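For reference, the structure is listed below as structure tokens.
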Amino acid sequence: MTPLALPGVYAPQHDTDLLVQSLRQEPLPPHAHVLDIGTGTGAVALAAARLGAKVTAVDISWRAVLNAKVNAALARLPLRVMRGNLLAPVSGRSFDLVLSNPPYVPSPDADCPRRGAARSWDAGYDGRLLLDRICRDAPAFLRPGGVLLLVQSALSGAEETLRLLRAAGLNADVVEHRSIAVGPVLRSRSSWLRSRGLLEDNDGKEELVIIRAERLL
């Protein structure tokens with residue numbers, strides 16, 4: 001069942017599909033507690049709920065929160081949806097699995113948008129405004145043996161994500177790749193991306209990666 005995407009909410013795309021694919025390959029304990037950061041339509045959270053997990057989904061957008069709740073009701077799946085900034089709504093809790101498809105697209109604007117559709121993908125000059133926060137804060141929310149699965153573009157520095165997660169004591173590696181055609185957002189700023197050496201001339205491709213980071217026992 002394809003999730004309903006309300007206007008202004010990020011519709012599931014290649015990165016969503018890649019994250020769900022990796023989620024399905026992840027062994028979960030019975031009744032695992034799962035957190036989805038930046039849930040959007042709830043597509044990834046609902047995929048976890050279908051595996052029998054107890055899922056909490058968080059998004060800063062009221063519209064996304066409503067969208068995820070509607071999709072959970074349509075799918076008849078239990079899903080706790082909370083509004084808030086990244087991990088703030090679940091302070092003090094811990095999870096077996098943390099999932100995230102955060103905004104990660106490099107933007108000429110230094111700050112994340114406060115409203116509008118671009119809020120779902122733009123993440124500052126290097127695309128790392130939210131990635132860095134997740135790398136810094138998420139390890140403390142993992143139970144022993146817990147796993148973080150994160151999808152991002154190679155344009156926003158997968159090696160830096162690995163470095164930060166390893167520095168936090170996690171065992172982190174890139175476990176999946178997918179090359180996709182450059183979409184309309186990147187095409188619209190291709191000259192700027194090329195000037196920064198992030199996009200090769202006539203490349204026309206973007207690489208998505210899944211980073212898996214495990215908290216050791």
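In segment 94-107, which residues are outside any loop (DSSP other than H, G, I, E, B) and more than 15 Å from the chain's Cα centre (by Cα)? Lay out the reasoning, then the answer.
Of segment 94-107, the ones outside any loop (DSSP other than H, G, I, E, B) are 95-100, 105.
Selection gives PHE95, ASP96.
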Consider ALA48 carefully, then state whether it is under 18 Å from the mean Cα position of the chain (by Cα), surrounded by fewer than 16 Cβ atoms within 10 Å (Cβ to Cβ) and either among the basic types (Lys, Arg) or within 19 Å of LEU150 (Cα to Cα) (or both). no
Residue hits (segment 26-51; within 20 Å of ARG143 (Cβ to Cβ) and in a helix (DSSP H, G or I)) are VAL44, ALA45, ALA48, ALA49
Within segment 108-129, the residues that are surrounded by 15 or more Cβ atoms within 10 Å (Cβ to Cβ), touching a residue at least 12 places away in the same chain (Cβ under 8 Å) and assigned to a loop (DSSP other than H, G, I, E, B) are CYS112, TRP121, ALA123, GLY124, ASP126, GLY127, ARG128
Of the residues in segment 21-45 that are of a type in the set (A, V, I, L, M, F, W, C) and surrounded by fewer than 22 Cβ atoms within 10 Å (Cβ to Cβ), the one that is modelled with the lowest pLDDT is LEU28
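Conditions tested, residue by residue: (1) touching a helix residue (DSSP H, G or I) at 6+ places or on another chain (Cβ under 7 Å); (2) in contact (Cβ under 8 Å) with a residue 12 or more places away in the chain; (3) closer than 21 Å to ARG93 by Cα; (4) not aliphatic (A, V, I, L, M).
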site	(1), (2), (3), (4)
GLN21	no, yes, no, yes
PRO29	no, yes, yes, yes
THR41	yes, yes, no, yes
VAL44	yes, yes, yes, no
VAL58	yes, yes, yes, no
LEU66	no, yes, no, no
ALA72	yes, yes, no, no
LEU77	yes, yes, no, no
Checked segment 130-165 for anything part of a strand (DSSP E or B) and either of a type in the set (Gly, Ala, Ser) or surrounded by fewer than 20 Cβ atoms within 10 Å (Cβ to Cβ) (or both); matches are ARG143, PRO144, GLY145, GLY146, SER153
Taking first residues from segment 157-172 that are on the phi > 0 side of the Ramachandran plot and second residues anywhere that are of a type outside the set (S, T, N, Q) and surrounded by 13 or more Cβ atoms within 10 Å (Cβ to Cβ), the pairs with Cβ under 7 Å that are 6 or more apart or on different chains are GLY157/ASP126; GLY157/ARG128; GLY169/PRO139
Reported set for segment 182-203 where residues are at pLDDT 80 or above and part of a loop (DSSP other than H, G, I, E, B) is VAL182, GLY183, ARG189, ARG196
Per the filter on segment 54-74, residues within 20 Å of LEU86 (Cβ to Cβ) and among the small types (Gly, Ala, Ser) are ALA57, SER61, ALA64, ALA68
Going through segment 1-51 in order, the residues found to be among the hydrophobic types (A, V, I, L, M, F, W, C) and more than 22 Å from LEU74 (Cα to Cα) are LEU18, LEU28, ALA32
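The values are calculated or read from the model by the stated rules, or taken from the named source; none is laboratory data. Quick caveat: nothing in here was measured; it's all calculated off a predicted structure. Note: ideal-geometry Cβ built from the backbone for every residue, glycine included; neighbour counts use all protein chains shown.
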